[in-house]
Amino acid sequence: MRIPPPLLLLLCLLPRAALAAASDADLQAIKLRLAPFATLTGGFEQSKKIRVIKKPLRSEGDFILLKDKGVLWRSAKPIASTLRIRREDIAQIKDGAAAVIVSMKDQPALGLIGKVLFAVFSADIDELKRHFEFTRALPPDGAGHWEASLRPRDALVRKVVERIELSGGRA
């Protein structure tokens, strides 16, 4: 039996549903649940819809977040790849070294996307509220499991991400 990771991230590019906004109390409960962690690990499933391809492209893998330092995003399927995401840059990692580095300062649009991705990976509720509407939030239950659904406010972010589903619990 597979034990669920502390944070499971599902990035979806699926049709939006009309949902009521999440309550600040529920978001605060999720934020408090995540506050004590310096390191988070988890798995992800990602679905991308590309206009010229009928079926969504699906990928999965894992990530490691070092709070205030960055995220290693490791895709395992269908193609193995590793990205390092920090507040100042995004780098593709090959053979243990940064092969391609893109600075957030040099690319303002990428900077916004990078800021949003970093906030998603670190579950920075305050930063996420600046860029997303929380359409659903279930505060931690007795087992510590929680969920949140987000829809982008920024038009630029909507071009890349239509919806984000976050969930977590104790390992």
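The values are calculated or read from the model by the stated rules, or taken from the named source; none is laboratory data. Quantities reported herein were computed from a predicted structural model and do not represent experimental measurements. Please note: Cβ atoms are built from the backbone with ideal geometry, for glycine as well, and neighbour counts cover all protein chains shown. In case anyone asks, the SASA skips ligands and DNA or RNA and just uses the protein heavy atoms, side chains included. Shrake-Rupley method; radii C 1.70, N 1.55, O 1.52, S 1.80 Å.
Annotations for the structure displayed:
- Pairs with Cβ under 7 Å, 6+ apart, first in region 38-56 and touching a residue at least 60 places away in the same chain (Cβ under 8 Å), second charged (D, E, K, R) and open to solvent by less than 90 Å² (accessible area, probe 1.4 Å): G42/D62
- Matching residues, region 116-161, being more than 20 Å from I85 (Cα to Cα) and of a type in the set (S, T, Y): T135, S149
- Residues of region 134-171 that turn out to be open to solvent by 60 Å² or more (accessible area, probe 1.4 Å), touching a residue at least 60 places away in the same chain (Cβ under 8 Å) and among the acidic types (D, E), as a count: 0
- Consider region 83-103 and keep the residues that are without any contact (Cβ under 8 Å) to a residue 24 or more places away in the chain and under 22 Å from D124 (Cα atoms). The one that is least open to solvent (accessible area, probe 1.4 Å) is A91.
- Filter pass, A109 being open to solvent by 50 Å² or more (accessible area, probe 1.4 Å), touching a residue at least 24 places away in the same chain (Cβ under 8 Å) and more than 22 Å from G168 (Cα to Cα): yes
- Taking the criterion of being closer than 14 Å to R158 by Cα and open to solvent by less than 30 Å² (accessible area, probe 1.4 Å), the residues of region 114-133 that qualify are G114, V116, L128, H131, F132.
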